[in-house]
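Let me begin by presenting the structure, written as structure tokens, before commenting on it.
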Amino acid sequence: MNWNVPHLNFLYNLQNKNMGKRSKLYAIAFLFAIFAFSAMIFVLSDLNKNGERAGNTVPAPKETAKPEEESSKTEPLAEQQDEETAKQEENIDWSPIIEKWRGKEISSFKTDKNLAVLTFDGGANAQGVQKILDILKKENVTGTFFLTGEFIKKNPNETKMIIESGGDLGNHSFSHPHFPQLSTKEIKMQLENTQTELEKLGGKFKPFFRFPYGERDARTTAEINDNGYINIRWTIDSLGWKGTSGGMTADSVRERIISKIRPGAIIMMHLGSNPDDKTQLDSEVLPKIISELKTQGYEFMTIGEMLTSA
């Protein structure tokens, strides 16, 4: 047998009669170590290959959701949607809608759906503005606001808050006069001066006008139409503006609205407090009104949304 293969020299040495006993033991131990090491390498290599074939790799840990990051991603999306909605509204051609309602007034909308419009007049003071806007935001409801020029001029901060709320803005005259007593020129000045005050704060009216005291006739209706406005009246007057000194309470205001509600109704409330007793019945009862109407299946729209979806 040829023992000249280098790695088998140990076997040859083991057969050598002249090799000492101790040397033979060392050789056997060394040979055993080599075989053991080789066997271990082989087993590990085989396990690794089998694991790759079976797909038995250790799964990477799943990334946990990060609420802060998710919130930061959704906020820009919401802002983008708001901007897109604003752009769409700016591109609306109101001319045919104004002509459709020329000589007429809107006191409700014809619909078989449970839809209602919350409107708020601003003329006397701004005592209820913050509370009303907070309630609308919490309930995810958008309102329509009719403001006088004097209100805007006296309450610029509150007016800015109303503008930023995203609600529709309607003209309510400059000084809240009796329109049937005004000349054509005076009516035009009432409308334009109010628009000027709002523009100073970065706002812009939709083509909606609400007559002070609800006083109007064919002539004054034609005048506002000629100036690019639609006559917006109401279905339900909450009478919260009368205050407790006028015989109203929060419960009577709530009962009045809930008992008269119907699909397409326009609800009129006020932003200010009663000038005599300082009560704010409309803002006080607003959360209950929204809650009860939602329970009845009502959804809330703005004047603009109702007009453009009709």
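So here's what we get for this one:
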{"read-out": "Evaluation of GLN181 against (1) more than 19 Å from GLY143 (Cβ to Cβ); (2) under 27 Å from the mean Cα position of the chain (by Cα) (one fails), failing number", "value": "(2)"}
{"read-out": "Selection within the stretch 133-156 - touching a helix residue (DSSP H, G or I) at 6+ places or on another chain (Cβ under 9 Å), over 16 Å from MET301 (Cα atoms) and not acidic (Asp, Glu)", "value": "LEU147, THR148, GLY149, PHE151, ILE152, LYS153, ASN155, PRO156"}
{"read-out": "Residue in the stretch 266-278 that is out of contact with any Phe, Trp or Tyr (no Cβ under 6 Å at 6 or more places or on another chain), in a helix (DSSP H, G or I) and of a type in the set (D, E, K, R) present", "value": "no"}
{"read-out": "Enumeration of residues in the stretch 103-150 that are under 14 Å from PHE209 (Cβ atoms) and part of a helix (DSSP H, G or I)", "value": "GLY149"}
{"read-out": "Answer residue from the stretch 164-173, given it is in contact (Cβ under 8 Å) with a residue 40 or more places away in the chain and in a loop (DSSP other than H, G, I, E, B) and is farthest from the chain's Cα centre (by Cα) among those", "value": "HIS172"}
{"read-out": "Near pairs, Cβ below 9 angstrom, 6+ apart or cross-chain, from the stretch 140-155 (of a type in the set (Val, Ile, Thr)) to any residue that is buried (at least 24 other Cβ atoms within 10 Å of the Cβ) and at pLDDT below 95", "value": "none"}
{"read-out": "The stretch 152-163: number of residues that are within 25 Å of the chain's Cα centre (by Cα) and surrounded by fewer than 17 Cβ atoms within 10 Å (Cβ to Cβ)", "value": "4"}
{"read-out": "Any hit, the stretch 257-265, residues being at pLDDT 95 or above, surrounded by 22 or more Cβ atoms within 10 Å (Cβ to Cβ) and either within 21 Å of the chain's Cα centre (by Cα) or over 27 Å from PRO207 (Cβ atoms) (or both)", "value": "no"}
{"read-out": "Residue list for the stretch 130-151, filter: under 19 Å from the mean Cα position of the chain (by Cα) and β-branched (Val, Ile, Thr)", "value": "ILE132, ILE135, VAL141, THR142, THR144"}
{"read-out": "Subset tally (residues that are touching a helix residue (DSSP H, G or I) at 6+ places or on another chain (Cβ under 7 Å), assigned to a helix (DSSP H, G or I) and of a type in the set (S, T, N, Q)) for the stretch 204-249", "value": "2"}
{"read-out": "Qualifying residue in the stretch 291-300 (condition: touching a strand residue (DSSP E or B) at 6+ places or on another chain (Cβ under 9 Å), under 25 Å from ILE92 (Cα atoms) and exposed (fewer than 15 other Cβ atoms within 10 Å of the Cβ))", "value": "yes"}
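This table checks each residue for (1) in contact with an Asp or Glu (Cβ under 7 Å, 6 or more places away or on another chain); (2) within 21 Å of ILE236 (Cβ to Cβ); (3) aliphatic (A, V, I, L, M).
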site: PHE120; (1), (2), (3): no, yes, no
site: GLN130; (1), (2), (3): no, no, no
site: LEU136; (1), (2), (3): no, yes, yes
site: GLY149; (1), (2), (3): yes, no, no
site: GLN181; (1), (2), (3): no, no, no
site: THR194; (1), (2), (3): no, no, no
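The values are calculated or read from the model by the stated rules, or taken from the named source; none is laboratory data. None of these values were measured; they are calculated from a predicted model. Positions of Cβ are backbone-derived with ideal geometry, glycine not excepted, and every protein chain shown enters the neighbour counts.
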